[in-house]
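Data block below; observations after.
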Amino acid sequence: MQAKFITIEGLEGAGKSNAQQVVSQVLQHHQIPFIHTREPGGTPIAEALRTLWKEGIGGEHTTDKAELLMLYAARTQLVESVIQPALESGKWVIGDRHDMSTLAYQGGGRGLDPDLIHTLRQAVLGDFAPDFTLYLDIPPEVGLARAKGRGALDRIEQQHIDFFHRTRTAYLQLVEASPNAVLINADQPIKQVSAEIQQAVENYLKFAIA
Ligand SMILES: Nc1ncnc2c1ncn2[C@@H]1O[C@H](COP(=O)(O)OP(=O)(O)OP(=O)(O)O)[C@@H](O)[C@H]1O
Ligand SMILES: [Mg+2]
(Lines give C-alpha, C1' and ligand atoms only; values in the text may rest on other atoms or scores of the structure.)
(Ligands and ions follow the chains in the order given, each with its own letter.)
Protein backbone atom coordinates (compact mmCIF):
# COMPACT_ATOMS: atom_id res chain seq x y z
CA MET A 1 0.00 0.00 0.00
CA GLN A 2 1.20 3.47 -0.91
CA ALA A 3 1.90 5.65 2.16
CA LYS A 4 -0.52 8.56 2.55
CA PHE A 5 -0.21 12.22 3.49
CA ILE A 6 -2.93 13.27 5.96
CA THR A 7 -3.21 16.94 6.90
CA ILE A 8 -5.00 18.74 9.69
CA GLU A 9 -6.25 22.25 9.09
CA GLY A 10 -8.12 24.88 11.05
CA LEU A 11 -7.87 28.22 12.83
CA GLU A 12 -5.73 28.78 15.95
CA GLY A 13 -7.08 26.84 18.92
CA ALA A 14 -9.27 24.64 16.70
CA GLY A 15 -7.62 21.55 18.21
CA LYS A 16 -5.11 20.57 15.51
CA SER A 17 -2.53 19.35 18.01
CA ASN A 18 -5.16 17.20 19.69
CA ALA A 19 -6.27 15.88 16.27
CA GLN A 20 -2.70 14.91 15.42
CA GLN A 21 -2.65 12.71 18.53
CA VAL A 22 -6.00 11.12 17.64
CA VAL A 23 -4.89 10.35 14.07
CA SER A 24 -1.62 8.90 15.42
CA GLN A 25 -3.53 6.54 17.71
CA VAL A 26 -5.68 5.29 14.83
CA LEU A 27 -2.63 4.63 12.63
CA GLN A 28 -0.82 2.93 15.51
CA HIS A 29 -3.85 0.71 16.02
CA HIS A 30 -3.56 -0.35 12.37
CA GLN A 31 0.24 -0.75 12.73
CA ILE A 32 0.85 1.88 10.09
CA PRO A 33 4.23 3.65 10.48
CA PHE A 34 4.07 7.45 10.36
CA ILE A 35 5.83 10.71 11.11
CA HIS A 36 4.49 14.10 12.26
CA THR A 37 5.20 17.41 10.58
CA ARG A 38 4.13 20.96 11.31
CA GLU A 39 4.00 23.95 9.00
CA PRO A 40 5.53 26.33 8.60
CA GLY A 41 8.53 24.45 9.96
CA GLY A 42 9.58 20.86 10.40
CA THR A 43 13.20 21.18 9.21
CA PRO A 44 15.90 23.46 10.71
CA ILE A 45 15.70 25.90 7.78
CA ALA A 46 11.91 25.84 7.69
CA GLU A 47 11.78 26.38 11.49
CA ALA A 48 14.13 29.39 11.09
CA LEU A 49 11.79 30.79 8.43
CA ARG A 50 8.86 30.23 10.82
CA THR A 51 10.58 32.25 13.56
CA LEU A 52 11.59 35.00 11.12
CA TRP A 53 8.03 35.20 9.82
CA LYS A 54 6.39 35.17 13.26
CA GLU A 55 8.81 37.49 15.05
CA GLY A 56 10.37 39.65 12.34
CA ILE A 57 13.72 41.28 13.04
CA GLY A 58 14.31 44.56 14.89
CA GLY A 59 10.67 45.57 14.46
CA GLU A 60 10.62 44.80 10.72
CA HIS A 61 7.99 42.32 9.57
CA THR A 62 7.35 40.58 6.27
CA THR A 63 5.10 42.26 3.73
CA ASP A 64 2.16 40.15 2.61
CA LYS A 65 3.93 38.99 -0.55
CA ALA A 66 7.21 38.29 1.25
CA GLU A 67 5.18 36.29 3.78
CA LEU A 68 3.70 34.23 0.96
CA LEU A 69 7.12 33.51 -0.56
CA MET A 70 8.58 32.62 2.83
CA LEU A 71 5.75 30.19 3.55
CA TYR A 72 6.29 28.47 0.19
CA ALA A 73 10.05 28.38 0.76
CA ALA A 74 9.45 26.64 4.09
CA ARG A 75 6.86 24.29 2.57
CA THR A 76 9.05 23.29 -0.37
CA GLN A 77 11.97 22.65 1.98
CA LEU A 78 9.78 20.39 4.13
CA VAL A 79 8.12 18.57 1.23
CA GLU A 80 11.38 17.82 -0.58
CA SER A 81 13.53 16.95 2.41
CA VAL A 82 11.05 15.29 4.81
CA ILE A 83 7.56 14.55 3.47
CA GLN A 84 8.37 12.99 0.09
CA PRO A 85 11.26 10.87 1.42
CA ALA A 86 9.02 9.60 4.25
CA LEU A 87 6.21 8.69 1.85
CA GLU A 88 8.70 6.98 -0.50
CA SER A 89 10.05 4.91 2.39
CA GLY A 90 6.51 3.75 3.26
CA LYS A 91 5.88 6.05 6.23
CA TRP A 92 2.63 7.96 6.38
CA VAL A 93 2.81 11.66 7.20
CA ILE A 94 0.43 13.46 9.57
CA GLY A 95 0.80 17.17 8.89
CA ASP A 96 -0.25 19.91 11.31
CA ARG A 97 -1.18 22.40 8.55
CA HIS A 98 -0.15 22.34 4.88
CA ASP A 99 -1.06 24.19 1.70
CA MET A 100 -4.74 24.75 2.54
CA SER A 101 -3.54 27.07 5.34
CA THR A 102 -1.86 29.34 2.79
CA LEU A 103 -4.89 29.33 0.50
CA ALA A 104 -7.10 30.23 3.49
CA TYR A 105 -4.88 32.70 5.41
CA GLN A 106 -2.94 34.42 2.63
CA GLY A 107 -5.75 34.11 0.06
CA GLY A 108 -8.82 34.65 2.26
CA GLY A 109 -7.36 36.41 5.31
CA ARG A 110 -4.79 38.67 3.65
CA GLY A 111 -6.70 38.96 0.38
CA LEU A 112 -3.70 38.21 -1.86
CA ASP A 113 -4.40 37.65 -5.55
CA PRO A 114 -5.54 34.01 -5.97
CA ASP A 115 -3.73 33.84 -9.34
CA LEU A 116 -0.44 34.75 -7.66
CA ILE A 117 -0.92 32.04 -5.03
CA HIS A 118 -1.94 29.39 -7.55
CA THR A 119 0.92 30.22 -9.93
CA LEU A 120 3.43 30.00 -7.09
CA ARG A 121 1.86 26.87 -5.70
CA GLN A 122 1.93 25.16 -9.07
CA ALA A 123 5.52 26.21 -9.72
CA VAL A 124 6.92 24.90 -6.44
CA LEU A 125 4.66 21.98 -5.52
CA GLY A 126 3.22 20.90 -8.86
CA ASP A 127 0.72 18.11 -8.35
CA PHE A 128 1.90 17.27 -4.84
CA ALA A 129 -1.11 17.42 -2.49
CA PRO A 130 -2.45 15.70 0.65
CA ASP A 131 -4.37 12.47 0.24
CA PHE A 132 -6.79 13.32 3.04
CA THR A 133 -7.50 16.51 4.99
CA LEU A 134 -9.33 16.97 8.28
CA TYR A 135 -10.58 20.53 8.59
CA LEU A 136 -11.50 21.46 12.17
CA ASP A 137 -14.14 24.16 11.92
CA ILE A 138 -14.47 26.64 14.77
CA PRO A 139 -15.74 30.20 15.22
CA PRO A 140 -12.60 32.38 15.51
CA GLU A 141 -13.70 33.78 18.88
CA VAL A 142 -13.87 30.28 20.38
CA GLY A 143 -10.53 29.16 18.94
CA LEU A 144 -8.71 32.32 19.99
CA ALA A 145 -10.12 32.06 23.54
CA ARG A 146 -8.69 28.52 23.72
CA ALA A 147 -5.34 29.66 22.30
CA LYS A 148 -5.25 32.51 24.85
CA GLY A 149 -5.77 30.02 27.66
CA ARG A 150 -2.48 28.45 26.60
CA GLY A 151 -0.36 31.63 26.81
CA ALA A 152 0.44 34.95 25.12
CA LEU A 153 -0.82 35.29 21.54
CA ASP A 154 1.80 35.56 18.76
CA ARG A 155 1.82 38.07 15.88
CA ILE A 156 -0.53 36.06 13.69
CA GLU A 157 -2.90 35.27 16.56
CA GLN A 158 -3.11 39.03 17.28
CA GLN A 159 -4.58 39.84 13.86
CA HIS A 160 -7.99 41.56 13.85
CA ILE A 161 -10.91 39.16 14.29
CA ASP A 162 -12.13 40.00 10.75
CA PHE A 163 -8.92 38.44 9.39
CA PHE A 164 -9.91 35.12 10.99
CA HIS A 165 -13.50 35.39 9.76
CA ARG A 166 -12.22 35.84 6.19
CA THR A 167 -9.83 32.93 6.71
CA ARG A 168 -12.62 30.69 7.99
CA THR A 169 -14.86 31.61 5.04
CA ALA A 170 -12.04 30.67 2.66
CA TYR A 171 -11.45 27.38 4.51
CA LEU A 172 -15.15 26.50 4.22
CA GLN A 173 -15.09 27.14 0.46
CA LEU A 174 -11.90 25.11 0.01
CA VAL A 175 -13.29 22.14 1.96
CA GLU A 176 -16.55 22.30 0.03
CA ALA A 177 -14.59 22.16 -3.24
CA SER A 178 -12.18 19.41 -2.17
CA PRO A 179 -13.26 15.76 -2.49
CA ASN A 180 -10.37 14.75 -0.17
CA ALA A 181 -11.32 17.00 2.74
CA VAL A 182 -13.83 16.46 5.55
CA LEU A 183 -15.21 19.04 7.95
CA ILE A 184 -15.23 18.28 11.66
CA ASN A 185 -17.24 20.54 13.97
CA ALA A 186 -14.52 21.45 16.48
CA ASP A 187 -16.86 23.60 18.59
CA GLN A 188 -17.87 20.62 20.72
CA PRO A 189 -16.46 18.93 23.82
CA ILE A 190 -13.01 17.52 23.07
CA LYS A 191 -14.21 13.92 23.58
CA GLN A 192 -16.85 14.33 20.89
CA VAL A 193 -14.43 16.04 18.50
CA SER A 194 -11.87 13.27 19.05
CA ALA A 195 -14.50 10.56 18.44
CA GLU A 196 -15.54 12.20 15.15
CA ILE A 197 -11.91 12.51 14.01
CA GLN A 198 -11.32 8.85 14.85
CA GLN A 199 -14.40 7.84 12.83
CA ALA A 200 -13.38 9.99 9.86
CA VAL A 201 -9.90 8.45 9.78
CA GLU A 202 -11.29 4.92 10.12
CA ASN A 203 -13.62 5.62 7.19
CA TYR A 204 -10.71 6.96 5.16
CA LEU A 205 -8.59 3.88 5.96
CA LYS A 206 -11.31 1.55 4.71
CA PHE A 207 -11.10 3.36 1.39
CA ALA A 208 -7.29 3.81 1.37
CA ILE A 209 -6.34 0.28 2.44
CA ALA A 210 -8.93 -1.48 0.24
N1 LIG B 1 -12.93 20.58 21.79
C2 LIG B 1 -12.26 21.29 22.69
N3 LIG B 1 -12.89 21.89 23.70
C4 LIG B 1 -12.22 22.63 24.61
N5 LIG B 1 -10.89 22.83 24.61
C6 LIG B 1 -10.20 22.27 23.61
C7 LIG B 1 -10.83 21.48 22.59
N8 LIG B 1 -9.87 21.06 21.72
C9 LIG B 1 -8.71 21.56 22.17
N10 LIG B 1 -8.89 22.28 23.31
C11 LIG B 1 -7.89 23.00 24.07
O12 LIG B 1 -7.69 24.23 23.41
C13 LIG B 1 -6.31 24.53 23.34
C14 LIG B 1 -5.88 24.59 21.88
O15 LIG B 1 -5.95 23.27 21.32
P16 LIG B 1 -4.82 22.78 20.33
O17 LIG B 1 -3.48 23.19 20.84
O18 LIG B 1 -5.04 21.32 20.05
O19 LIG B 1 -5.23 23.67 19.06
P20 LIG B 1 -4.39 23.97 17.77
O21 LIG B 1 -5.38 24.02 16.66
O22 LIG B 1 -3.25 23.02 17.67
O23 LIG B 1 -3.86 25.42 18.06
P24 LIG B 1 -2.65 26.20 17.32
O25 LIG B 1 -3.16 26.61 15.98
O26 LIG B 1 -2.44 27.41 18.19
O27 LIG B 1 -1.49 25.25 17.28
C28 LIG B 1 -5.57 23.46 24.12
O29 LIG B 1 -5.39 23.94 25.43
C30 LIG B 1 -6.54 22.30 24.09
O31 LIG B 1 -6.42 21.46 25.20
MG1 LIG C 1 -1.21 23.29 17.48
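The values are calculated or read from the model by the stated rules, or taken from the named source; none is laboratory data. Worth saying up front: this structure is predicted, and the values here are computed from it rather than measured. Cβ atoms come from the backbone with ideal geometry, glycine included; neighbour counts cover every protein chain shown. The area values use the complete protein model at the heavy-atom level, side chains included, leaving out ligands, DNA and RNA. Shrake-Rupley method; radii C 1.70, N 1.55, O 1.52, S 1.80 Å.
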When only Cα pairs under 8 Å and 6 or more residues apart are kept, what is the percent relative contact order across the stretch 13-80? 31 percent
Spin-label pair His61/Gln28, simplified geometry with 7 Å Cα→Cβ offset, distance in nm: 3.8 nm
Say the cut-off is 27 Å between C-alpha atoms; which of Lys4/Lys54; Lys54/Lys191; Lys16/Lys148; Lys65/Lys91; Lys4/Lys148; Lys54/Lys148 go over it? Lys4/Lys54; Lys54/Lys191; Lys65/Lys91; Lys4/Lys148
Among Gly111, Gly149, Gly42: highest mean-square fluctuation, GNM of the chain, C-alpha pairs under 10 Å: Gly149
The answer for Arg38, listing residues at least 5 apart or on another chain whose modeled amide H is closer than 5 Å to its amide H, is Asp96
Scalar couplings 3J(HN,Hα) for the stretch 187-199 by Karplus 6.51 cos²θ - 1.76 cosθ + 1.60 (θ = phi - 60°), nearest whole Hz, x for Gly and Pro, are 8, 9, x, 4, 5, 5, 4, 4, 5, 6, 5, 4, 4
Sequence-distant or interchain residues sharing an amide H contact under 5 Å with Gly10, placed H: which? Leu136
Would you mind listing how long the stretch 81-210 runs along its three principal axes, going by Cα atoms, in whole Å with the largest first? 43, 40, 27
Built amide H within the under 5 Å cut-off of Ala181, gap 5+: Thr133
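What's the local net charge at Val82, with K and R +1, D and E -1, over the other residues with C-beta under 12 Å away? Could the numbers behind the result be given before it?
On the way: positive: Arg38, Arg75, Lys91; negative: Glu39, Glu47, Glu80, Glu88.
Residues close to Val82 contribute a combined charge of -1.
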3J(HN,Hα) from dihedral phi, the stretch 92-107, Karplus parametrisation 6.51/-1.76/1.60, rounded to Hz, x for glycine, proline: 6, 10, 10, x, 7, 6, 7, 5, 4, 4, 5, 4, 7, 7, 7, x
Karplus-derived 3J(HN,Hα), 6.51/-1.76/1.60, for each residue of the stretch 175-182, Hz, glycine and proline x: 5, 4, 8, 9, x, 9, 10, 10
Helix-only mean residue ellipticity at 222 nm, the chain, DSSP H runs n ≥ 4 weighted -39,500 (n - 2.57), per residue, nearest 500. What is it? -16000 deg cm²/dmol
Pop out the carbon and sulfur fraction of the accessible area of the stretch 1-74 as a percent, whole number, probe 1.4 Å. 54 percent
The stretch 1-124: translational diffusion in µm²/s, Stokes-Einstein, Kirkwood Rh over Cα pairs, 37 °C, 0.692 mPa s: 214 µm²/s
Roll a 1.4 Å probe over the protein chains and send me the accessible area per residue for the stretch 37-104 in Å². 44 Å²
